[in-house]
2 protein chains.
Amino acid sequence: MEYLEQLGQRAAEAKYALQRLATEDKNRALAAAAAALVRQTERILAANGRDYQTAREGGMSEALLDRLKLTPERIEAMAEGLRQIAALPDPVGEVIEHFDRPNGLHIDKVRVPMGVIGIIYEARPNVTADAFGLCFKTGNAVILKGGRDAACSNEAITETIREALASEKIPVDAVQLITDNDRAVTTAFMKMKRYVDLLIPRGGAGLIQAVMENSTIPVIETGTGNCHIYVDEDADLDKAVPIILNAKTQRIGVCNACESLLVHEKIAEIFLPALGAALREKQVQMRGDETVQRLIPGAVAATEEDYGTEYLDYIISMKTVRSVEEAIEHINRYNTKHSDAILTENGEHAERFLQGVDSACVYVNASTRFTDGFEFGFGAEIGISTQKLHARGPMGLRELTTYKYLIRGSGQIRA
Amino acid sequence: MEYLEQLGQRAAEAKYALQRLATEDKNRALAAAAAALVRQTERILAANGRDYQTAREGGMSEALLDRLKLTPERIEAMAEGLRQIAALPDPVGEVIEHFDRPNGLHIDKVRVPMGVIGIIYEARPNVTADAFGLCFKTGNAVILKGGRDAACSNEAITETIREALASEKIPVDAVQLITDNDRAVTTAFMKMKRYVDLLIPRGGAGLIQAVMENSTIPVIETGTGNCHIYVDEDADLDKAVPIILNAKTQRIGVCNACESLLVHEKIAEIFLPALGAALREKQVQMRGDETVQRLIPGAVAATEEDYGTEYLDYIISMKTVRSVEEAIEHINRYNTKHSDAILTENGEHAERFLQGVDSACVYVNASTRFTDGFEFGFGAEIGISTQKLHARGPMGLRELTTYKYLIRGSGQIRA
């Protein structure tokens, strides 16, 4: 693919300049990009209007149309995102470790940019600015492949940022957008190992699955969250209902929302009727085992498939269990290694759960909705990693870097 | 594949017990496995003899036969490897970071085992014991796929270790060996994402390439080393020859050996003849540009392909360059991101090289042969990562772990 090859070469050329940029130059460029986005609001809205119209005519759902739509406020939010990234500390150059060897070698383990990062994402055009900002601050060149539905919006945003970079004498190929929306191009992009150091898919389970299966570039798997809350026999039930409502209904379509609930059988009789009433009030459909169906009017039977489903909808699966061990086993079988919580006042149960559950984030007495770069204090987020390599959980700026060893000697040879 | 499914399930069951093991129990089991290897020397040698005979009859080269062959000394070395791993600190459970959030959430970032690690390797049977030891110490279950040529040896070693684990009441499925040597089984193993958290190939470029292309499990790319030494115009030439001889010839077939040499044109006239004589004495064939050919009798022309080749042989490619920048550019174009060195007394040139070269390990005035877990002081090594995700350069025990976030709250919900 001649087209991709050119993009790759331009990114490769840009990356060496980018990794040498001083922090203040990067921050200045981020501020310039933010100002340009606001200044070019009309142009971006016009491009977005074309996408919106095409999508509406094509029968896109209201929920997706809302994700696609830009407004002056949403553009200002993109700009504010870039300003916030500028304000964060620059991780590049940090000496992570230092060791002096007996033979006189001095070894520094130093944080450096990845090089070139690829991001494949779906409908939200704000990811364009966001991904640029995070990659740029960490000294990486980024190649973006956005959803076809947001093609005009993404192009307008990318061009606006590139113009701002040019005005600041920064290599414009710090950010490139793949504008050929042929599926074969996307598949070829996933195999551009020669140019791309890291690939991050952002979107639904289908997209992530396709990238995991086709990419030869190292991938960070993000976002799928079949998150559980286990209500222990020793839970404080007054805390439990608000936490569950928050985790399930505060925002329905997000990866850290709760999708499945486990309840210790000893408290089922007193807890489930109250919880059922609260969830019903929020229009949540409940699917559970026999005990759940007996104690919650309107609850229907859960299938095996339900327990493995990330609904992203007003549906929750429910099950009663006999012990914290059974809860841990069930969770490790069905979860997506994202976020799971125990509600308990029993410290020993809490510790067993924390240790036993195989997830990026394991909670005691708090909503799973806190799995988020901002809530963790990272100041930014490129996604939530559900794999175990490199980075796990919320990924901030540091997670977009790697390290190298710098070894200073005075003529050492190996014996 | 029913067979692999069973292996996967057994590993999944074992991993939860393994991650809860106390350090002293792990160390005791490692000592027991070491003792068992020594005690069962006869049995292992008999199995190895069968492999050796088959391989020799099949026409295996002397070099590969030597890798395959076990002796009482080599078995003792395997046992000693396990004892050394027992003596190393246990990384599991380390609190890497802690942060208290304004809303009262306490977040611990804690080092934990990966879970299940897959290792695919070639002829050396000692990798069997080695990989078990490293994975076990870090609380991981390991599934091994060794080379067909060492099938009997690997099986004897694995069985010996499993018997030792059983005698110590440790789940024997801490280590499992894939004994079906059909290629389709290996390919299916690379796609066992449901059970295997991390896959590490150890072997030649062909094996690593095949794993990178076929695996759906996150992979650590290891081992290919097209390592460069750049002799700067300000090099101390008395240091240069011994470093180059060490890096090229101290051990020919290893990934951190030097394969390509760059020399600043200003010192070519005085340096190349002396270097050429020293390399010729070591039987190293030199392939270079016109200047190299003019100054070194017997040097032949290097092709484009030579500059990209990891010879693992008594051959070196050579090129004159006009500046440290040209050296950096050449290296970043042809290297495998493993180890590259500059020889210079000019501090500014050294810093430009350290920053500019995109490799796991960048050296000033030392042999590339130091890229090694033991030489770095890690006490052990599973391989040298040449990719940028998760771990770069020598991988010790810590690199076989991941982390998770443990979040302790008191009823927090997200606003």
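The values are calculated or read from the model by the stated rules, or taken from the named source; none is laboratory data. Predicted model, so just to flag it, every value in this text is computed and none were measured. With ideal geometry, Cβ positions are generated from the backbone for all residues, glycine too; neighbour counts draw on all protein chains shown.
Considering only segment A:250-281, state which residues are touching a strand residue (DSSP E or B) at 6+ places or on another chain (Cβ under 9 Å) and over 20 Å from A:ASN332 (Cα atoms).
Scanning segment A:250-281 gives A:ILE267, A:ALA268, A:PHE271, A:LEU272, A:LEU275, A:GLY276, A:LEU279, A:ARG280.
Taking first residues from segment B:295-316 that are closer than 15 Å to B:ARG251 by Cβ and partners that are charged (D, E, K, R) and modelled with pLDDT of 95 or more, the Cβ contacts under 6 Å between residues at least 6 apart in sequence or on separate chains come to B:GLU310/B:GLU259; B:TYR311/B:GLU259; B:ILE316/B:LYS248. Of all residues in segment B:12-28, one or more are within 14 Å of chain A (Cβ to nearest Cβ), among the hydroxyl-bearing types (Ser, Thr, Tyr), part of a helix (DSSP H, G or I) and within 30 Å of A:GLY356 (Cα to Cα).
If you check B:VAL211, B:VAL263, B:VAL292 for being surrounded by 22 or more Cβ atoms within 10 Å (Cβ to Cβ) and not assigned by TED's automatic domain parsing to the domain that holds B:VAL357, only one passes: B:VAL211.
One residue alone among B:GLU381, B:GLU375, B:GLU399, B:GLU348 is acidic (Asp, Glu) and in contact with a Ser or Thr (Cβ under 9 Å, 6 or more places away or on another chain), and that residue is B:GLU399. Of the residues making up segment A:141-156, one or more are of a type outside the set (Lys, Arg), within 14 Å of chain B (Cβ to nearest Cβ) and in contact (Cβ under 8 Å) with a residue 60 or more places away in the chain.
Restricting the search to strands (runs of 3 or more DSSP E) fully inside segment A:322-392 and requiring at least 2 residues that are at the interface with chain B (Cβ under 10 Å from one of its Cβ atoms) and touching a residue at least 12 places away in the same chain (Cβ under 8 Å) gives A:339-343, A:361-366. With respect to (1) without any contact (Cβ under 8 Å) to a residue 60 or more places away in the chain; (2) surrounded by fewer than 21 Cβ atoms within 10 Å (Cβ to Cβ), the lone exception for B:ILE252 is condition (1). Pairs please, first residue from segment A:403-415 and over 8 Å from A:ASP108 (Cβ atoms) and within 7 Å of chain B (Cβ to nearest Cβ), second anywhere and charged (D, E, K, R) and in a strand (DSSP E or B), Cβ atoms under 7 Å, 6+ apart in sequence or on different chains. Close Cβ pairs satisfying both conditions: A:TYR403/A:LYS109; A:TYR403/A:ARG111.
Just checking, which of A:ASN126, A:ASN103 is surrounded by fewer than 23 Cβ atoms within 10 Å (Cβ to Cβ) and at pLDDT 95 or above? Give the derivation first.
Values: A:ASN126 fails: at pLDDT 95 or above.
Going through A:ASN126, A:ASN103 in turn, the sole match is A:ASN103.
Pairs meeting the criteria (first residue in segment B:188-199 and buried (at least 21 other Cβ atoms within 10 Å of the Cβ), second residue small (Gly, Ala, Ser) and in a strand (DSSP E or B), beta carbons under 9 Å, at least 6 apart or on different chains) are B:PHE189/B:GLY118; B:MET190/B:GLY118; B:MET192/B:GLY118; B:TYR195/B:GLY118; B:VAL196/B:GLY118; B:ASP197/B:GLY118; B:LEU198/B:GLY118; B:LEU199/B:GLY118. Which is basic (Lys, Arg) and closer than 30 Å to B:ASP289 by Cβ, of B:ARG183, B:ARG251, B:ARG202, B:ARG148? Matching residue, one of B:ARG183, B:ARG251, B:ARG202, B:ARG148: B:ARG251. For segment A:200-293, no strands (runs of 3 or more DSSP E) sit wholly inside it while including 3 or more residues that are modelled with pLDDT under 95 and either within 15 Å of the chain's Cα centre (by Cα) or within 14 Å of chain B (Cβ to nearest Cβ) (or both). Write out, first by first residue and then by second, each pair whose Cβ atoms fall under 8 Å of each other, whose residues are 6+ apart or on separate chains, and whose first residue, in segment A:22-51, is farther than 14 Å from A:THR128 by Cβ while the second is modelled with pLDDT of 95 or more and of a type in the set (Phe, Trp, Tyr). These pairs meet every condition: A:LYS26/A:PHE136; A:ALA29/A:PHE136; A:LEU30/A:PHE136. Look through segment B:393-402, keep the residues that are not basic (Lys, Arg) and not in a strand (DSSP E or B), and return whichever of them is farthest from the other protein chains (Cβ to nearest Cβ). Top of the filtered list is B:LEU397. Taken over segment A:349-367, the criterion of being more than 14 Å from A:ILE331 (Cα to Cα) and either touching a helix residue (DSSP H, G or I) at 6+ places or on another chain (Cβ under 8 Å) or of a type in the set (Ser, Thr, Tyr) (or both) is satisfied by A:HIS349, A:VAL364, A:ASN365, A:ALA366, A:SER367. Cβ-Cβ distances below 8 Å connect the following pairs, each with a first residue in segment B:231-249 that is crowded, with 18+ Cβ neighbours inside 10 Å, a second residue that is in a helix (DSSP H, G or I) and of a type in the set (S, T, N, Q), and a separation of six or more residues or different chains: B:ALA247/B:THR368. Filtering segment B:13-26 to residues that are surrounded by fewer than 19 Cβ atoms within 10 Å (Cβ to Cβ) and either modelled with pLDDT of 95 or more or closer than 16 Å to B:LEU177 by Cβ (or both) leaves B:ALA22, B:THR23, B:GLU24, B:ASP25. Is there a residue being over 15 Å from the mean Cα position of the chain (by Cα) and under 17 Å from A:ILE382 (Cβ atoms) anywhere in segment A:178-188? No: zero hits. Can you name every residue in segment A:384-415 that is under 30 Å from A:PRO102 (Cβ atoms) and out of contact with any Lys or Arg (no Cβ under 7 Å at 6 or more places or on another chain)? Correct list: A:LEU406, A:ILE407, A:ARG408, A:GLY409, A:SER410, A:GLN412, A:ILE413, A:ALA415. When you go through A:LEU400, A:LEU343 one by one, which is the residue that is under 30 Å from A:HIS106 (Cβ atoms) and crowded, with 22+ Cβ neighbours inside 10 Å? When all the criteria are applied, what remains is A:LEU400.
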